[in-house]
1. Could you derive backbone 3J(HN,Hα) for segment 202-219 from the dihedral phi with the Karplus parameters 6.51, -1.76 and 1.60 (θ = phi - 60°), listing whole Hz in sequence and x where the residue is Gly or Pro?
2. When only Cα pairs under 8 Å and 6 or more residues apart are kept, what is the percent relative contact order across the chain?
3. What full-extension length gain, to one decimal in nm, is calculated for Ser47 and Phe275 as 0.36 nm per residue of separation minus the Cα-Cα distance?
4. Can you give the FRET efficiency for Gln196 and Thr137, using 1/(1 + (r/R0)^6), R0 = 22 Å, r = Cβ-Cβ distance, to the nearest 0.05?
5. In the neighborhood of Tyr240, defined by Cβ-to-Cβ distances under 10 Å, what is the net charge if each Lys or Arg adds +1 and each Asp or Glu adds -1?
6. What is the percent of Cα-Cα separations in segment 101-194 that go past 20 Å?
7. Helix 240-257 against the longest principal axis of the chain: what's the angle in degrees, Cα atoms only, rounded to the nearest 10?
8. So, for the chain, what is the accessible surface per residue at a probe of 1.4 Å, expressed in square angstrom?
Amino acid sequence: MANQKIYGLWGLYTMPSRASGLVDGNPTRLTPPTIEFVERHYLPILSKGGAGKDGRRIVALLKPKASRLDLKKSVDPAVEAVGRVLKKRLRMPEREFFYEHLVEGGPADTTDGRQRQLASLLEETVDEKSIYWSPATVADLAKRADGRGESWGPLAFYLNRIRITESVLASSSILFDFLLGSDGQTVKSVANAIEQQWGGGIASIDKNSLADLHSEWSGDEASTGDRWVTIGKALSQGSYLDVIEHLVEQNASVMAARGGAAWVEKSRGKLSVRFVDENGRLPSQDELSQLWRFPYFLDSLRSVATSLREKPSA
């Protein structure tokens with residue numbers, strides 16, 4: 001349902017492998033720095049381990065459209081060589097290379113250092129096994145960034161935009177799941193059921209900031225931004241009939257762009273669901289303020305950053 005262009009629009013980082021400068025092109029190819037790194041650190045291990053000069057045995061296995069290996073009968077030396085590379089702990093040169101590219105964004109970092117700043121904040125949580133992501137968690141990150149001086153202001157700004165966006169997206173996605181389990185019910189009765197659970201609106205949505213996000217929510221279609229701003233305001237005000245109407249329109253718009261049919265439509269005042277799902281549980285009002293359904297790569301960045309900071313092998 002949600003327009004996927006929303007994800008990753010906040011100036012932090014995009015798809016890691018491309019944004020990091022490790023791969024590029026179509027079809028995807030290793031970039032020159034990555035090729036040099038592989039040739040220096042991995043090809044010698046692979047060649048010595050049985051993959052042949054320059055890993056030719058691996059290339060031979062990958063070249064056909066399909067290759068079948070029966071590891072129960074015998075293990076190909078090339079496979080064993082790959083296993084040796086994957087099994088060993090990362091050495092310092094590997095950690096430095098991957099940290100520069102995956103954590104700091106690579107030589108052509110498009111975030112102007114914001115990804116590096118965010119990683120440093122996340123690394124401070126290394127003693128915690130996991131983080132419970134919520135609007136409060138991201139608000140705390142933004143506050144900590146803001147307290148580190150003017151150069152950290154843009155990071156705080158974008159983190160707050162993620163928080164505001166998620167307050168709308170998380171509740172909208174749960175509500176849409178609820179719609180998919182409401183086939184044949186009147187729109188009014190569904191709206192009443194939502195009101196009984198969520199009351200007069202979601203107070204955690206900062207309705208005064210929604211219009212500022214219009215351009216980022218729009219992507220290539222201004223009408224998409226219009227809908228999301230309207231949905232956010234309607235959720236904050238408890239106007240659930242409007243929320244339902246615009247979520248149905250948003251789903252129809254997304255599916256039309258993909259060449260498919262809408263999952264749910266309004267027909268004679270009732271919901272007609274093509275993609276029927278079990279009636280999703282609507283969380284309580286207290287739970288709404290802590291909803292967090294989309295990752296924004298935050299946990300991935302934290303995981304990579306903290307892993308690469310572990311004590312390296314000799």
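1. Karplus values, whole Hz, x for Gly and Pro: 9, 5, 6, 7, 7, 5, 6, 9, 5, 4, 5, 9, 3, 5, 6, 6, 6, x.
2. Numbers: 392 pairs, mean separation 72.5, N = 314.
For the chain, the relative contact order is 23 percent.
3. 76.9 nm
4. After rounding, the FRET efficiency stands at 0.15.
5. -2
6. Values: 2341 of 4371 pairs.
The calculated P(r) of segment 101-194 puts 54 percent of pairs beyond 20 Å.
7. Its long axis makes an angle of about 40 degrees.
8. Details: 17350 Å² over 314 residues.
That works out to 55 Å² for each residue.
The values are calculated or read from the model by the stated rules, or taken from the named source; none is laboratory data. None of the values given here were measured: they were computed from a predicted structure. So basically every Cβ, Gly included, is an ideal-geometry build from the backbone, and we count neighbours across all protein chains shown. Heavy atoms of the whole protein, side chains included, go into the accessibility calculation; ligands, DNA and RNA do not. Shrake-Rupley method; radii C 1.70, N 1.55, O 1.52, S 1.80 Å.
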